[in-house]
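Quick note: the coordinates plus some simple rules give every number you see, no bench work behind them. The structure presented is a predicted model; accordingly, all values stated were derived computationally and were not measured. With ideal geometry, Cβ positions are generated from the backbone for all residues, glycine too; neighbour counts draw on all protein chains shown.
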Amino acid sequence: MRCERVQEELMLNIGVEALSPEVLEHVGQCAECRAVKDDLDRVLPNALSDQAFSLSDQVLREIQEKVEKSIAPQRIFSVQRALAIAASVVLVVGVSYVGFRSGGIDDPFNLPPDSSADTFVQTFDWLESDADSPSMDALFESVDSDPYRSSYDLLLEEITDEELEYLENNLSAGELL
Amino acid sequence: MTQRAKKIEQLAEKARLGDQRAFSELMKAKMNEIVAMTYKMTGDSQAAADLAQETFIAAWKNLGSFRGDSSVSSWLYRIAANKTLNHLKKEKKYSSFDSVPDVNIQPIDHSPEDPSRLLEKKQLREEMLDFMQTLPTQQRLAFELRFYKQLSFAEIGETTGSALGTVKTNYREAIKKLRKHAIESGWRQ
């Protein structure tokens, strides 16, 4: 083997892997390569081991605890979620109870007293109570009696022949209908 | 495969199925190596701790995509390497001065040795940290993964996304520089 090759093998493998028989044989015969090997044998133990670079047990424990805390988000998340759900339930029940106690819950629309819905109800009541007006039952009955009678048919019944002729001469078919 | 390596692979398999306890065990088994790696790569113990933390969080999130083509150790080194390289890039971009090793978190030597030997090891450790910071990032990473993590060049290539020849060149250059540094500094065994 050439010295260059042997010295490269020495540098790449001393302290990590066993040297090949060829390299050892060469080193036994070559003073230059033996000097390189002796140097490395002396130097590398001074590079110490991993253990010499470890931090204190306390620091290692602290790192481990931080990692364990960080990798357990599922449990933390579940507790948080459970708390959030419980808080939501309490909030909804509380708001409902307060609403019920204040009477707001009886009127789901909570309309103001002068709203159009109230006006409609008042009008309906008036129609029912007024003796001169047709009863609501009668009105519904007249409409229901001939559902196919259109507003145009009703108009034809009431209008005079002259008025009809005037309308036909002055309005388009679309406007007339 | 050693017993320890087998156990680590089994823990990884359980963790992949969502077993958080197995992941904690795995983390405990690999924490030292990952912290030592990020520490040597950055020379900053606080950054090393943060990067180790980020590495394991990313590992947990991505365990589903770990197919077991490589060992879980190599996979963790890859994540740590990526995190560290990103950190170093940002640091280079936003800092106009070299990072100064943090003094708040000091490494601890657990071995029961005589005080003079401990002092010598402490000095060597600091010297090695200083030396590693002088290496270009890719050479530093190649040295870290080959010498300290004992990975094959092919594994380092997969980890760093570099060609085999490039990895070998980076490692060889790092070793050459270490040898020169040792001679200049008068290291003894």
Check: Mind checking which lysines have their C-alpha under 29 Å from residue B:7, skipping anything on the same chain fewer than 8 residues away?
Finding: A:66, A:69, B:28, B:30, B:40, B:61, B:83, B:149
Margin query: Can you give the FRET efficiency to the nearest 0.05 for residue A:101 and residue A:72, using r as the Cβ-Cβ distance and R₀ = 30 Å?
Written below: 0.10
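Translational diffusion coefficient of chain B at 10 °C, 1.306 mPa s, Stokes-Einstein with Kirkwood Rh over Cα pairs, in µm²/s as a whole number. It would help to have the intermediate numbers written out before the result.
Numbers: Rh = 17.7 Å.
This corresponds to a translational diffusion coefficient of 90 µm²/s.
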Notebook entry, point to check: How big is the range A:3-53 by Rg and Dmax over its Cα atoms, in Å?
Noted result: 11.7, 38
Next item on the list: Compute the FRET efficiency between residue B:92 and residue B:4 as 1/(1 + (r/R0)^6), taking r as their Cβ-Cβ distance and R0 = 25 Å, and round to the nearest 0.05.
Entry: 0.10
Next item on the list: Please give the calculated 222 nm ellipticity per residue for chain B, where each DSSP H segment of at least 4 residues contributes -39500 (n - 2.57) and the sum is spread over every residue; nearest 500 deg cm²/dmol?
Entry: -24000 deg cm²/dmol
Notebook entry, point to check: With θ set to phi - 60° and the Karplus curve 6.51 cos²θ - 1.76 cosθ + 1.60, what are the ³J(HN,Hα) couplings of the range B:116-125 in order, to the nearest whole Hz, using x for Gly and Pro?
Noted result: 5, 5, 4, 5, 4, 5, 4, 5, 4, 4
Checklist line | For the range A:88-100, Karplus couplings with θ = phi - 60° (6.51, -1.76, 1.60), whole Hz, Gly/Pro x | finding: 5, 4, 4, 5, 5, 4, x, 5, 4, 5, 4, x, 5
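Taking the number of other C-beta atoms within 10 Å as the exposure measure, put A:90, A:59, B:167 in order starting with the fewest. Kindly include the intermediate steps, with their values, before the conclusion.
Details: A:90 10, A:59 22, B:167 26.
Final ranking by Cβ density, sparse to dense: A:90, A:59, B:167.
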Margin query: Under the rule of at least 5 residues apart or a separate chain, name every residue whose amide H is placed under 5 Å from the amide H of residue A:159.
Written below: none
Notebook entry, point to check: Across the range B:179-187, in residue order, what do the Karplus-derived ³J(HN,Hα) couplings come to in whole Hz, using 6.51 cos²θ - 1.76 cosθ + 1.60 with θ = phi - 60° and x for Gly and Pro?
Noted result: 4, 4, 4, 5, 5, 5, 8, x, 4
